Amino acid sequence: MKPFLGEEEAQAAAEAVRSGWVAQGPRVARFEEEFARHVGAAHGVALSSCTTALHLALVALGIGPGDEVIVPSLSFIATANAARYVGATPVFADVEEFTGNVTVDTVDAVRTLRTRAVIAVHQGGVPFDTDALRRACGQWDVALVEDAACAAGSTAYGRPVGEGALLAAWSFHPRKVITTGEGGALTLDREDWAQRLRRLREHGMNVSAAARHASNQPVFEAYLETGYNYRMTDIQAAVGLVQLGKLNAMVARRRELATRYHALLSDVDGVTTLMDPPYGQSNFQSFWVLLDQRFGRGRDEVLAELAAAGVSARRGIMAAHLEPAYAQSRSLRLPVTERLTRDSLILPLYHTLAEQEQEHVVNSLRKSVGR
């Protein structure tokens, strides 16, 4: 991945610096408002990362010790860690091979009377079946948090991912389609929750720092509950506002490149390419391929050969339950998760990827398979 950054972003960041207001301020407020509008939510709360967004989502839901939170193991480890941050127990669910996402059936298979929430991931920008999982969680009386870290610009059932979500968490890390360097957000429709989340990101203060400094009279803030320092800066938001204006064009370009990958790889035996699900469209934040026995080479061997050819590919999505931090979960059997993390790899895909570069990636993969 290469972030698509240019002179506009540099000027926006410089203007924020020259303004004298570089901490959380008016640009953050504008960015969270415009981002929420773009994803079809009533409110946005800009934060320091998607990890902090997931943490605050569980805090807002009142999740704590004794509660279970169902998460996919096939995700960056922050998804599972968020449950631990509030003292809850993460429970790993398997995923479907086609999308890499949890489903109603995989969640239901590990649901217990202690299940209070599900964190479902739109993995690599591929939307999960929002209608089905939202409906099921409503019937189970279980809160659904959507980890949309990778999904800005993806759609499900003709709607932006995030529209209609109870709580959706977003990332603006440099590997995502749009970036603020580091940063994240929560989007939601409940105004009372949005107000509380804005307090929680700023140490629980009932009056923001920006509001205090804007007043021409002394303002004495109160700290209503234990909060956190999860703020985004105005410099980051300035970059984000420029990036947000490019989002539709960037998604269109990524989908164009993904379509070309599909065509170039269509006759390579043993390689299954990532596709849109029938109910939605991916922003193709990542483009992964799954190798099977017909390919004849192990994934790690292929990665080494691609690296030798100058292709910066990566292993597929990690499986958290196989990491040392979750050693007590290694006895779990999550067959689809384990196959995807073992046999998949992520190919280069970024806005400025040239046709000859893409052809070099595919030709290098073909050489690895011996064709």
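The values are calculated or read from the model by the stated rules, or taken from the named source; none is laboratory data. Note that the structure is predicted; figures quoted are calculated from it, not measured. Here Cβ is always computed from backbone atoms with ideal geometry, including for glycine, and neighbour counts include all displayed protein chains. Ligands, DNA and RNA are excluded from the accessible area calculation, which covers all protein heavy atoms including side chains. Shrake-Rupley method; radii C 1.70, N 1.55, O 1.52, S 1.80 Å.
Data for the structure
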read-out: Residue match in segment 216-236 (condition: out of contact with any helix residue (DSSP H, G or I) (no Cβ under 9 Å at 6 or more places or on another chain), closer than 26 Å to S282 by Cβ and either modelled with pLDDT of 95 or more or not small (G, A, S) (or both)); value: no
read-out: Members of segment 334-360 that are farther than 22 Å from M318 by Cβ and in contact (Cβ under 8 Å) with a residue 24 or more places away in the chain; value: H351, T352, L353, E355, Q358, E359, H360
read-out: Filtered residue count, segment 328-371, keeping only those that are modelled with pLDDT of 95 or more and in a loop (DSSP other than H, G, I, E, B); value: 8
read-out: Residues that are over 23 Å from the mean Cα position of the chain (by Cα), outside any loop (DSSP other than H, G, I, E, B) and not basic (K, R), drawn from segment 1-29; value: E7, E8, A10, Q11, A12, A13, A14, E15, A16, V17, S19, P26
read-out: Of the criteria (1) out of contact with any Asp or Glu (no Cβ under 7 Å at 6 or more places or on another chain); (2) over 25 Å from R260 (Cβ atoms), which one T337 fails; value: (1)
read-out: Given (1) open to solvent by 40 Å² or more (accessible area, probe 1.4 Å); (2) at pLDDT 95 or above; (3) not hydrophobic (A, V, I, L, M, F, W, C), number of the condition G162 does not satisfy; value: (1)
read-out: Residue that is nearest to E357 (Cα to Cα) [pool: residues in segment 303-327 that are in a helix (DSSP H, G or I) and within 20 Å of the chain's Cα centre (by Cα)]; value: A320
read-out: Positions within segment 94-110 being among the acidic types (D, E) and either open to solvent by 40 Å² or more (accessible area, probe 1.4 Å) or not in a loop (DSSP other than H, G, I, E, B) (or both), in sequence order; value: E96, E97, D105, D108
read-out: Segment 41-68 - residue that is in a loop (DSSP other than H, G, I, E, B) and of a type outside the set (G, A, S) and, of those, surrounded by the most Cβ atoms within 10 Å (Cβ to Cβ); value: I63
read-out: Boolean, A151 is buried (at least 24 other Cβ atoms within 10 Å of the Cβ), modelled with pLDDT of 95 or more and closer than 26 Å to T337 by Cβ; value: yes
